[in-house]
Amino acid sequence: MLQVKDTLRSTVNLTFDGRVVKVYHGPDAPIRFEHEVRVLQLLEERGCPFVPRLLDADPVQRKIITTNCGSRVERIDDARLAEIFGELEAFGVRHEDVNLRNVTYRQSDGRFCLIDFEYATILPSP
């Protein structure tokens, strides 16, 4: 596995077959784990095509395994960044961390994608 992130809040590894393994750390890890699982499940139910798909979730190890949404984006203009995050709200979720580090580019279909939903807000249904 290739480690792509190691912080006080989480460790993220990329497996050789392309899956992403995220392990949550810290005192609020169980809450962030449960919330991200809930958000990813909701987005999948609603057919959001530009977020990772949850493949497995282990609450004991506080670990999720997801599909890979491409590589990190180095640069993007502010208008396009806002557009990508705004697009998510049509699926009933506000990301709450509008930052370039949460955007990836999936070369297979030329799509910008969003990752890291620990602090996202599930919007009320209309």
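Values quoted throughout were computed directly from the atomic coordinates according to the rules given, and no laboratory measurement underlies them. Only a predicted model underlies this, so the values are computations on that prediction, with no experimental measurement involved. Virtual Cβ from ideal backbone geometry, glycine too; neighbours counted across all protein chains shown.
Numbers below:
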item: Cα lying deepest toward the dipole's positive end in the chain, options 103, 82, 68, charges on Cβ; result: 68
item: Karplus-derived HN-Hα couplings along the stretch 85-94 (A = 6.51, B = -1.76, C = 1.60, θ = phi - 60°), whole Hz, x at Gly and Pro; result: 5, x, 4, 4, 5, 5, 9, x, 9, 10
item: Listed residues 27, 91, 41: farthest to the positive end of the dipole of the chain (Cβ charges); result: 27
item: About the Cα centre, charge dipole magnitude for the stretch 7-62 (Lys/Arg +1, Asp/Glu -1 at Cβ), debye; result: 140 debye
item: Charge dipole (debye, nearest 20) of the chain; +1 at Cβ of Lys and Arg, -1 at Cβ of Asp and Glu; result: 260 debye
item: Backbone HN-Hα couplings from phi across the stretch 75-83 [Karplus 6.51/-1.76/1.60, Hz, Gly and Pro as x]; result: 8, 7, 6, 4, 5, 5, 4, 4, 5
item: For the chain, built as a Gaussian network whose Cα springs stay under 10 Å, the top-fluctuating residue of 59, 27, 49; result: 27
item: Which label in [x] 27; [y] 32; [z] 52 gives the computed percent of Cα pairs over 23 Å apart; result: [x]
